[in-house]
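Reading through the structure tokens given below for one structure.
The values are calculated or read from the model by the stated rules, or taken from the named source; none is laboratory data. Quantities reported herein were computed from a predicted structural model and do not represent experimental measurements. Cβ atoms come from the backbone with ideal geometry, glycine included; neighbour counts cover every protein chain shown.
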Amino acid sequence: MSENIRVLIVDDLPETRENVRKLLQFESDIEVIGQAGTGEEAVQMAAEYKPDIILMDINMPGIDGIGASQKISEMVPTAQIIIMSVQSDSDYLRRAMLAGARDFLTKPFGGDELVTAIRRVYSKRPTISTAPVYPQQRGGAGPVEAYAPVPEGNVVAVFCPKGGTGCSTVAVNVAVGLARRNYRTVLVDGSLQFGDVAVMLNLKPVASIVDLVERDTEMDAELIQTVVQQYRGSLDVLLAPPRPEMADVVTEDKIQAVLEKLRQIYDFVVVDTTSSLDDKALAILDSADRIVLLVQQNLPTLKNVSRFFDLAESLDYDAQKVWLVVNRASNKYGISVEDISKTLKRPIFASIPDDEQVVNMAIDKGVPIITGGSRRQPVGVALANLADQVAKELTSEAVPEEKTAEADKKSGGLFGRLFGGGRVRAGG
Ligand SMILES: Nc1ncnc2c1ncn2[C@@H]1O[C@H](COP(=O)(O)OP(=O)(O)O)[C@@H](O)[C@H]1O
Ligand SMILES: [Mg+2]
């Protein structure tokens, strides 16, 4: 028998509480166990009833949603808090997240959105029975550190061993797509010397990863919040240094330390990378839970990607760690998408169509494709779907089995010879 998700609703307005309750009344797996009208009452009821989920308003008289979240995070760490707020509260919202809230809903929200958020946060709750272990283990001092039983987020690196394949484009759009789905997401420009993320999102490079690594002994959630830049209120961005030579201070160890810290704070850490496989790039790929490996339908890229797979094997990367994504997919090339799958003996995770006009316009304007005027073009839809697919794979409880390479068609010609498949088509 499955257990119900026990929910406490906190809002100073009785109508709001009632509306939220009504949205949940027909969900058989969700049970509203109480309502609180003030922050004080919320803390008291949380301690007494130990709800699984607390839907928390931010603006309340007395101790507000942030104060209440902080107290509850310390006292009842098993209770997962979802903030309910209006858009203009984004500053509070960030503080609430730091105070231990797990997710947020923007008012007004519908039943589907509410139920999805509740189930998602519930399914990701840390399964702990004894809360006090955490503060000592993590060695933290402040309230943010003290709450720490956050299940760790996922680091997703976008990589291609050949430059100009579309890493920055894909990384930016996937990050924006995840943030749009209300996942706490940070985009890291790991192309440390010549990062493009600031340009692609039209952000001024005020602070960068250098500001973090130079103060790495104080690197906590609060410092991170001052260094990342917010993009449209939902995505945080950690930019590359403004000058190439400044990248020197960002050593392999430091990059990994930054990623580990970010992983504790965000659901998703999306990292754009360079194509050169130096120690820094490898440090990023090592830290990553998943690598979105881009490939294009041309031989030089295919050759480099194939070599990368050899390397990945010698580095003992799990086969599931690498998701192969075809960028600029088109049927106008001699090498088909199926040929790529066949040659590399890997399934294709996704294909992004070729549309130079849309992609270049998005870059020139500094507006990501999936939020710009061309978002309904096939390339925009494919990028949005890729973000959803990443979320689905990494937030579902069980990792789905790997699909088998569907391509069982004959492949031949140049790449057959190049990759030792021995399938040389006569006259090929
Ligand atoms: N799906 C696509 N369709 C058409 N052109 C693309 C696509 N993705 C990338 N490009 C082209 O490739 C160039 C490089 O993209 P970018 O994302 O900067 O790659 P990278 O970060 O790998 O160097 C873009 O300026 C654009 O012209
Ligand atoms: Mg790039």
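In the list V295, V271, V258, V250, which residue meets the criterion of being within 30 Å of G100 (Cα to Cα) and within 14 Å of ligand 1 (Cβ to nearest atom)?
Just a single option satisfies the conditions, and that option is V271.
Is there a residue in the range 364-380 that is more than 14 Å from ligand 1 (Cβ to nearest atom), over 27 Å from D267 (Cα atoms), in contact with a Gly (Cβ under 8 Å, 6 or more places away or on another chain) and not in a strand (DSSP E or B)?
No, the range 364-380 contains no residue that is more than 14 Å from ligand 1 (Cβ to nearest atom), over 27 Å from D267 (Cα atoms), in contact with a Gly (Cβ under 8 Å, 6 or more places away or on another chain) and not in a strand (DSSP E or B).
Please find, among A175, A198, A179, the residue that is surrounded by fewer than 24 Cβ atoms within 10 Å (Cβ to Cβ), assigned by TED's automatic domain parsing to the domain that holds A382 and in contact (Cβ under 8 Å) with a residue 24 or more places away in the chain.
After applying the criteria, what remains is A198.
Out of D272, D279, D267, D318, I need the residue that is farther than 20 Å from E393 by Cβ and charged (D, E, K, R). Which one?
The conditions single out D279.
Give, as residue ranges, the helices (runs of 4 or more DSSP H) completely inside the range 146-215 that count at least 3 residues that are near ligand 2 (Cβ under 9 Å from one of its atoms) and within 18 Å of the chain's Cα centre (by Cα).
Because the criterion is at least 3 residues that are near ligand 2 (Cβ under 9 Å from one of its atoms) and within 18 Å of the chain's Cα centre (by Cα), the helices (runs of 4 or more DSSP H) in the range 146-215 that meet it are 167-180.
When you check R138 against the structure, is it out of contact with any His (no Cβ under 6 Å at 6 or more places or on another chain), assigned by TED's automatic domain parsing to the domain that holds T78, at pLDDT below 65 and basic (K, R), yes or no? Show your work before the answer.
Details: out of contact with any His (no Cβ under 6 Å at 6 or more places or on another chain): yes; assigned by TED's automatic domain parsing to the domain that holds T78: yes; at pLDDT below 65: yes; basic (K, R): yes.
Taking the combined requirement at face value, the residue satisfies it.
How about the range 263-295: which of its residues are more than 29 Å from P347 (Cβ to Cβ) and hydrophobic (A, V, I, L, M, F, W, C)?
The answer is I265, and nothing else.
Report those strands (runs of 3 or more DSSP E) wholly inside the range 25-99 carrying at least 1 residues which are modelled with pLDDT of 90 or more, surrounded by 20 or more Cβ atoms within 10 Å (Cβ to Cβ) and charged (D, E, K, R).
53-57
Only residues that are over 14 Å from D103 (Cα atoms), touching a residue at least 40 places away in the same chain (Cβ under 8 Å) and among the aliphatic types (A, V, I, L, M): list them for the range 35-75, please.
Passing the criteria: M60, A68.
With modelled with pLDDT under 95 and either in contact with a His (Cβ under 9 Å, 6 or more places away or on another chain) or assigned to a helix (DSSP H, G or I) (or both) as the only criterion, which of L386, L414 stands out? Step through it out loud before you land on a result.
Details: L386 fails: modelled with pLDDT under 95.
Just a single option satisfies the conditions, and that option is L414.
Condition (residue is buried (at least 22 other Cβ atoms within 10 Å of the Cβ), closer than 30 Å to V213 by Cα and hydrophobic (A, V, I, L, M, F, W, C)) applied to the range 270-277: is it met by at least one residue?
Yes, some residue in the range 270-277 is buried (at least 22 other Cβ atoms within 10 Å of the Cβ), closer than 30 Å to V213 by Cα and hydrophobic (A, V, I, L, M, F, W, C).
Report, by residue number, each residue of the range 335-363 that is polar (S, T, N, Q) and within 23 Å of V172 (Cα to Cα).
Scanning the range 335-363 gives S351, Q357, N360.
Restricting the search to the range 1-22, which residues are surrounded by fewer than 18 Cβ atoms within 10 Å (Cβ to Cβ) and either of a type in the set (A, V, I, L, M, F, W, C) or touching a helix residue (DSSP H, G or I) at 6+ places or on another chain (Cβ under 7 Å) (or both)?
M1, L13
So E214 fits all but one of (1) closer than 23 Å to K162 by Cα; (2) touching a residue at least 12 places away in the same chain (Cβ under 8 Å); what number is the exception?
Going through the list (1) closer than 23 Å to K162 by Cα; (2) touching a residue at least 12 places away in the same chain (Cβ under 8 Å), E214 breaks only (1).
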